[in-house]
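Report on one structure; see the data block that follows.
The values are calculated or read from the model by the stated rules, or taken from the named source; none is laboratory data. Everything quoted here is computed from the prediction, not taken from an experiment. Using ideal geometry, Cβ is built from the backbone for each residue, glycine included, and neighbour counts are taken over all protein chains shown.
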Amino acid sequence: MRIFAVGGSVRDELLGLPVQDRDYVVVGATPEQMVEAGYTPVGADFPVFLHPQTHEEYALARTERKTAPGYRGFVFHTSPDVTLDEDLRRRDLTINAMARDTHGSLIDPYGGATDLKQGVLRHVGASFAEDPVRVLRAARFAARFANRGFRIAPETQALMGAMVDAGEVDHLVPERVWQELSQGLMHDVPSKMIEVLRDCGALARLLPEIDRLFGVPQPADSHPEIDTGVHVMMALDYAALQNHPLPIRFAVLGHDLGKGVTPTQCWPRHPGHEESSVKLVQDICDRLRLPGDCRDLARLAARWHGDAHAALQLGAEQILSMMDGTDALRRPERFRDFVKACACDHHGRLGFADVPYPSREFLLAAMSTLQALDFGNIAESNADDIAGAIDRAKLRQLQRFIEERNTA
């Protein structure tokens with residue numbers, strides 16, 4: 001039995017990055033021998049075991065054979081005769097196909113260390129084309145290492161395009177698509193993931209609502225970058241720069257989807273795009289089975305971001321409509337996240353990264369002034385029309401708030 005550290009831990013150590021998880025491959029062992037040595041079996045599709053003390057994962061060396069379309073269409077083979085090189089050969093990228101033995105020696109049969117130094121994301125071999133998840137993984141790694149100047153190798157990009165043309169990505173299950181996309185959105189330059197997917201054609205298959213934003217013009221006076229797709233990518237990267245959590249980043253990604261379906265005769269204006277954006281956000285959430293926090297915040301950002309930007313010019317009734325529509329008083333933390341998403345939309349424009357966003361302070365102050373109301377007392381004093389009395393009180397409070405702001 002020989003044990004090797006493999007994959008991400010080896011890669012990240014070579015890059016000087018902190019190692020989060022360590023995975024190991026065991027060569028020359030049977031499942032029975034692993035159990036006898038105290039390891040706990042956990043693998044459903046192929047033998048994976050947890051170390052009795054560290055609980056790290058140890059997988060038996062294996063090969064795989066494609067038997068059906070999609071990422072689940074594989075038969076795995078494990079045996080004491082499977083070599084380390086054979087196990088590494090089935091991996092996706094050369095930078096993930098390295099290992100270290102128990103003495104610390106590097107085993108690198110496919111040139112991963114060289115590709116790390118040169119900043120290249122290159123597939124290990126032809127078997128890359130058998131698993132469509134690898135298209136998403138390559139795009140995700142491009143986003144993760146974009147600040148280090150990493151790029152997809154031309155031959156890998158071409159292979160990914162051929163996989164899309166062959167319909168492989170159409171067999172991906174929604175949960176796996178979202179798993180990879182959500183990880184990519186949390187990297188430092190998430191727009192790079194979208195760029196890679198778009199270049200190989202996968203974006204049009206997986207997220208057509210995003211893909212059709214590119215090339216759609218906006219008014220140059222408010223959007224000097226003009227292209228809607230470019231704007232959304234700038235806003236998304238701004239959200240990453242602020243280290244915002246996933247729900248905010250997804251909300252930013254989806255806030256302008258309606259502009260992709262605006263009739264061309266209306267360009268560069270996009271009347272009513274907010275309502276269209278809500279429907280398209282919902283389409284993505286239903287198709288990829290997104291978690292509720294991402295879905296709900298994205299719907300709010302899509303519907304109300306225009307009102308948020310114009311908040312200082314709106315009247316009390318319009319502000320109240322937005323507060324009620326976003327459920328700000330019952331969900332104040334989510335409302336704060338909504339405002340953060342709107343700020344990303346504002347700053348994600350050419351030349352606007354450092355331009356103040358006064359709506360942020362205005363909206364948060366408006367919420368605070370409504371929170372100061374004594375709703376219990378209002379209800380007790382108006383038992384016959386509690387809802388109406390509360391609405392009238394909120395409206396008066398906002399009217400006073402706006403008047404005080406205007407005269408300050």
Checklist entry - Right, residue 169: under 15 Å from the mean Cα position of the chain (by Cα) and surrounded by 23 or more Cβ atoms within 10 Å (Cβ to Cβ) or not? => result no
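Looking at 299, 334, 303 in this structure, which one is among the basic types (Lys, Arg), buried (at least 16 other Cβ atoms within 10 Å of the Cβ) and in contact with a Leu (Cβ under 8 Å, 6 or more places away or on another chain)? Quick ask: steps written out before the conclusion?
Numbers: 299 fails: in contact with a Leu (Cβ under 8 Å, 6 or more places away or on another chain); 303 fails: in contact with a Leu (Cβ under 8 Å, 6 or more places away or on another chain).
None of the others qualify; the one that does is 334.
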Checklist entry - Within the set of pairs 6 or more residues apart or between chains, which connect a residue that is closer than 16 Å to residue 23 by Cα inside segment 92-116 to a residue that is among the hydroxyl-bearing types (Ser, Thr, Tyr) and assigned to a loop (DSSP other than H, G, I, E, B) with Cβ atoms less than 7 Å apart? => result 97/110
Checklist outcome for this item: residue 243 fails exactly one of (1) surrounded by fewer than 24 Cβ atoms within 10 Å (Cβ to Cβ); (2) over 14 Å from the mean Cα position of the chain (by Cα); (3) among the polar types (S, T, N, Q), namely (2)
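One line per residue, one yes/no per condition, for (1) charged (D, E, K, R); (2) in contact with a helix residue (DSSP H, G or I) (Cβ under 7 Å, 6 or more places away or on another chain); (3) surrounded by 21 or more Cβ atoms within 10 Å (Cβ to Cβ):
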{"residue": "348", "(1), (2), (3)": "no, yes, yes"}
{"residue": "353", "(1), (2), (3)": "no, yes, no"}
{"residue": "367", "(1), (2), (3)": "no, yes, no"}
{"residue": "376", "(1), (2), (3)": "no, no, no"}
Checklist outcome for this item: Subset of segment 54-79, residues at pLDDT 90 or above and in contact with a Leu (Cβ under 9 Å, 6 or more places away or on another chain), comes to 56, 57, 58, 61
Checklist entry - Which residues, taken from segment 330-386, are of a type in the set (Gly, Ala, Ser) and assigned to a helix (DSSP H, G or I)? => result 341, 343, 359, 365, 366, 368, 376, 379, 381
Next on the checklist: If a residue must be of a type in the set (D, E, K, R) and under 18 Å from residue 160 (Cβ atoms), how many such residues does segment 171-217 contain?
Outcome noted: 8
Checklist entry - Which numbered condition trips up residue 158, out of (1) touching a helix residue (DSSP H, G or I) at 6+ places or on another chain (Cβ under 8 Å); (2) over 30 Å from residue 13 (Cβ atoms)? => result (1)
Checklist entry - Any idea which of (1) crowded, with 16+ Cβ neighbours inside 10 Å; (2) among the β-branched types (Val, Ile, Thr); (3) not assigned by TED's automatic domain parsing to the domain that holds residue 186 is the one residue 133 doesn't satisfy? => result (3)
Checklist outcome for this item: Scanning segment 266-300 for residues that are closer than 25 Å to residue 226 by Cβ and under 16 Å from the mean Cα position of the chain (by Cα) gives 281, 284, 298
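Every residue, every condition in (1) aliphatic (A, V, I, L, M); (2) surrounded by 14 or more Cβ atoms within 10 Å (Cβ to Cβ); (3) outside any helix (DSSP H, G or I), yes or no:
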position: 155; (1), (2), (3): no, no, no
position: 158; (1), (2), (3): yes, no, no
position: 163; (1), (2), (3): yes, yes, no
position: 178; (1), (2), (3): no, yes, no
position: 184; (1), (2), (3): no, yes, no
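Scan segment 186-215 residue by residue and report those that are β-branched (Val, Ile, Thr) and buried (at least 23 other Cβ atoms within 10 Å of the Cβ). Reasoning before the result, please.
Here is the first cut: in segment 186-215, the ones β-branched (Val, Ile, Thr) are 189, 194, 196, 210.
Correct list: 194, 196, 210.
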